[in-house]
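First up is the structure itself, then whatever we jot down about it.
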Amino acid sequence: MKNKTKGWLSLLLTLVVIAATIYIAGWGFGAKKVGSVNNIKLGLDLAGGVSVTYETVKENPTEQEMADTRNKMERRAKSYNQEASVYQEGNNRINIDIPDVEDANEVLNSLGSAGVIYFIYGQSEKDTAANVVFNSETMKYELARPIEEIIADGDVILGGTDIKDADPNMYQDERGMQQYVVSLLLNDAGTSKFAAATTYASGKTYGSAANMISIIYDNEVVSSPCVNDPILSGSAQITGMDDFDEASELATTIRIGALPIELTAIRAQLVGAQLGANALNASLLAGIIGFALVIIFMLVVYRVAGLAADMALVIYATLFVICLNLFETTLTLAGIAGVLLSVGMAVDANVIIFTRIKEEIATGKTVASSIKLGFDKALSAILDGNITTLIAAIVLYARGTGSIKSFAITLGMGVVISMFTAIFITRFIIKALFNIGFNKPGMYGKKPMKKAWDFIGHWKIYLAISGIVIVAGIVGMFVSKSKTGNILNYGLDFTGGTSTEVVFGEGKVPANEALETFVQNTLGITAEIVQVPEEYASIMKTSELTVDQQNTLTEAIKSTYGVAPGDITMESISGTVSGEMKVNAVWAVTLATILMLLYIWIRFRNVGFAVSSVIPLVHDVLVTLAVYALAKISVGNDMIACMLTLVGYSINATIVIFDRIREGLHEKTHKESYKDVINNAVTQTLSRSINTTITTLCMIAALVIFGGASIREFAVPLMVGLLSGGYSSVCIASAFLYLFMKKKDKKEAAPVKAE
């Protein structure tokens, strides 16, 4: 009776937690709605906007120059949207993301223009009116007339080329008060001009416009200090700042305006808001359908345990949403794919546990004992499998950029949360259900002891099947090479160039030939046209376009076809960046594979396990490449995420089987052969391999069907790769481990020759 009461209280607590997490995920908490799904930051491919990466023409800029450049670009970006993100990449690149802008081309133009700083007379002798005026509402000085007129009248004292440096400083005055100043250092030409200007201004009434020298940056007055005395030395101080931060900001602004660094755009992406919204809606629909399928599958197959898993899965999903918000993760299209994939993989830990529970019940143990042993015995496989997936996520994050980092973050976050919910929350719920009366063996799907299937006996057939698929892929690559010059259908990420996608609307998509002629007449260059029928869109692929050419093409599309700016997406990548992406792809897959090999070697303390787990990874990569080659799927940056996800998934599945084999080797009798041990382990884990593949495919298949063209190119090879991963872990990994053990066994059994 006591346990039953405890069970009902635990179940009630679980329902309260589910309700609370659903509420927070849906509506958030506090005035700022923290945790709400509506507050999750959306990437440009979902919200629309501008993303551009600039590289300095100067090869080795100083840290100060890069910091000033970043501040300069951030000031401009945030003038369009306060949610803009500006960050430095490497030692000479600045990346800018500005979501939710209406005219992306206008933003791109202004970002790349040079910032100009001027020191001007507040009012010179030749002017009847002041150049600056105080606004009593904003409590700031503003330009009284256009800067062009001020320049034309000769009222500019200094420009950026006259300034050597500007630094914030502080000191104590004679009264012991802390003073904050900006120290200016001018070159020889600047010193002469500043001496004449300060001599004039110092002779005017203190506080009048004529007594001021105003500092203008990007047509805004940033400071209007008064002049006490003539400054003849080339060094000056601007006083009157309230704190060091204010002094630092003014000094930075002056340095920015004088910044000699030239920038060039090496990658630019302009995404229409409507296209982003369509991609988001399609992905959400795919997620809801896939999630529902997983819930139903678990309930049907695992009964009471499946009910516990479903409740834990709801908590998992809501915690995921809350964490995305709390950690201010930017969610991209690839990130959504990572979320959906992690939901499918989150079930894997539960499947491993439930399979163990059913096996323990089948041996005659009580349900309570079986539940405890099931969780205990499954722990090592769960930890090993998830850690290897985390390795893939970490490598993705380290080697990737933009959307790939988003995918890595969501995948890694999903792995951590799923381990927590499976190991702790699912266990808590199952105990509660058991205590309230769900304690009959049949409720957990009693599993009869099966005779082991002879998987190892057919290893030659498995290798033949895999060989045929891989060879077909290699042949496809050679055919592609002979026709196009490339072994794969390289996308923009790997070739460089500009891709312009336009949604024309139903029944309005021009013929490919018409669009080719349109681009030729507009820009004088050739274009490759690809239609996307389900989205009533066409993609125009050209050589890399300049910003002016992008503007020309965009305006021509709008005027000729009546297309709204929100229906145009444009991405431009330089050859430098595309070359780096190719290198990153190879390095990422290679590095992840090596790290996983080392982890398994250390964890299993056997090089045979490590080598036999890596061979299926190579197999799955080659099979997936065959899909890319034969289906002519565009190979781009997302392929890195696809490959590393497959590597993580495949090795996860292999580890579960190897964990059973290791356990079987510890219990091996003299009558059993290595073949028997491996066949038993594969048979015991077969239902887990099948069920995990099914649940994961539910999510990915939903992406393929409902996710739209942009995400389908990622989801299709991923789906094939997941099938290959399930197959290779059962058939290829076990076969190679058997051959390795058999060879080692013969070597140890060989007679020792006398010397």
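The values are calculated or read from the model by the stated rules, or taken from the named source; none is laboratory data. Treat the numbers as computed from the prediction; the structure is a model and nothing was measured. Neighbour counts are summed over all protein chains in view; Cβ atoms, including those assigned to glycine, are modelled from backbone coordinates with ideal geometry. For accessibility, only protein heavy atoms count, side chains too; no ligands or nucleic acids. Shrake-Rupley method; radii C 1.70, N 1.55, O 1.52, S 1.80 Å.
Holding the Cα-Cα limit at 22 Å, pick out from Lys2/Lys431; Lys460/Lys671; Lys558/Lys632 the pairs that are longer than that. Don't jump to the answer; show the numbers that get you there.
Numbers: Lys2/Lys431 13 Å; Lys460/Lys671 25 Å; Lys558/Lys632 31 Å.
From Lys2/Lys431; Lys460/Lys671; Lys558/Lys632, over 22 Å: Lys460/Lys671; Lys558/Lys632.
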Item checked: Accessible area of the chain divided out per residue, in Å², using a probe of 1.4 angstrom -> 45
Next item on the list: First select every other residue whose beta carbon is under 9 angstrom from the beta carbon of Gln123; then total the charges, Lys and Arg +1, Asp and Glu -1.
Entry: -2
Margin query: List the aspartates and glutamates whose Cα sits under 17 Å from the Cα of Lys742, skipping any in the same chain fewer than 8 residues away.
Written below: Asp454, Glu672, Asp676
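To check you understand DSSP bridge types, tell me what percent of the beta bridges within the chain (both residues inside) are antiparallel, rounded to 5.
95
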Notebook entry, point to check: Of the peptides 605-618, 127-140, 38-51, how do they stack up when ordered by the mean number of other Cβ atoms within 10 Å, highest first?
Noted result: 38-51, 605-618, 127-140
Checklist line | Per-residue ³J(HN,Hα) for the stretch 605-614, Karplus 6.51 cos²θ - 1.76 cosθ + 1.60, θ = phi - 60°, Hz, x for Gly and Pro | finding: 6, 7, 5, x, 5, 5, 5, 5, 8, 7
Next item on the list: Mind listing the long-range amide H neighbours of Asp218? Cut-off is under 5 Å, sequence gap 5 or more, other chains count too, H placed in the peptide plane at 1.01 Å from N.
Entry: Val116
Note to self: Not counting ligands, DNA or RNA, and with a 1.4 Å probe, what is Glu555's accessible surface area in Å² rounded to the nearest 10?
What the structure shows: 100
Item checked: Farthest toward positive dipole pole in the chain [+1 Lys/Arg, -1 Asp/Glu at C-beta], among Ile336, Leu42, Leu625 -> Leu625
Notebook entry, point to check: If you roll a 1.4 Å probe over the stretch 342-448 with all protein chains in place, what percent of the accessible area is carbon or sulfur?
Noted result: 70
Next item on the list: Count the net charge of all other residues whose Cβ sits under 12 Å from the Cβ of Gly707, scoring Lys and Arg as +1 and Asp and Glu as -1.
Entry: -2
Check: So who's got an amide H within less than 5 Å of the one on Val156, skipping anything under 5 residues away but keeping other chains? H placed 1.01 Å off N, in plane.
Finding: none
Next item on the list: Could you list which residues have their amide H under 5 Å from that of Val34, counting only those 5 or more apart in sequence or on another chain, with H placed in the peptide plane?
Entry: Phe29
Checklist line | Spacing of the two label points (7 Å from each Cα toward its C-beta) at Ile22 and Asn39, in nm | finding: 2.1
Item checked: Estimated 222 nm signal from helices in the chain, with DSSP H stretches of n ≥ 4 weighted -39500 (n - 2.57), rounded to 500 -> -20500 deg cm²/dmol
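Shape verdict for the stretch 343-497, please, from the Cα gyration tensor: rounded (a/c under 1.5), prolate (a/b greater than b/c) or oblate. Mind showing how you got there, number by number?
Values: a/c = 3.94, a/b = 1.70, b/c = 2.32.
Note, shape of the stretch 343-497 comes out oblate.
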Checklist line | Whole-Hz ³J(HN,Hα) from phi, Karplus 6.51 cos²θ - 1.76 cosθ + 1.60, for the stretch 60-71, glycine and proline x | finding: 10, x, 6, 4, 5, 4, 5, 5, 5, 5, 4, 5
Next item on the list: Quick one: check the C-alpha center-to-center distance for the stretch 181-211 versus the stretch 526-544, whole angstrom.
Entry: 58
Notebook entry, point to check: Roughly how many debye, to the nearest 20, is the charge dipole of the chain about its Cα centre, given +1 on each Lys and Arg Cβ, -1 on each Asp and Glu Cβ, and no other charges?
Noted result: 6140
Check: Using Cα atoms only, what is the angle between the long axis of helix 2-27 and the major principal axis of the chain, expressed in degrees (0 to 90) to the nearest 10?
Finding: 30
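For Cα pairs less than 8 Å apart in space and 6+ apart in sequence, what is the mean separation divided by the residue count of the stretch 377-442, i.e. the relative contact order in percent?
29
With a sphere of radius 12 Å drawn around the Cβ of Glu571, what net charge do the other residues whose Cβ falls strictly inside it have (Lys, Arg +1; Asp, Glu -1)?
Combined, the nearby Lys, Arg, Asp and Glu give -2.
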Item checked: From phi via Karplus (6.51, -1.76, 1.60), per-residue ³J(HN,Hα) for the stretch 463-473 in Hz, x at Gly/Pro -> 5, 5, 4, 5, x, 4, 5, 5, 4, 4, x
Next item on the list: Using only Cα atoms, tell me the angle between helix 333-362 and the longest principal axis of the chain; keep it within 0 to 90° and round to the nearest 10.
Entry: 20
Notebook entry, point to check: Using mean Cβ contacts within 10 Å as the protection proxy, how do 353-362, 284-293 order, highest first?
Noted result: 353-362, 284-293
Check: What angle, in degrees between 0 and 90 and rounded to the nearest 10, separates the Cα long axis of helix 547-561 from the longest principal axis of the Cα atoms of the chain?
Finding: 80
Margin query: Heavy atoms of the protein only, probe of 1.4 Å, neighbouring chains included. What is the accessible area of Glu535 in Å², nearest 10?
Written below: 50
Check: Which residue, chosen from Ser370, Gly473, Ser10, occupies the Cα position most advanced towards the positive end of the dipole of the chain, where the dipole is computed from +1 (Lys, Arg) and -1 (Asp, Glu) charges on Cβ about the Cα centre?
Finding: Ser370
Checklist line | Cα gyration tensor, the stretch 405-479 - rounded (a/c under 1.5), prolate or oblate | finding: oblate
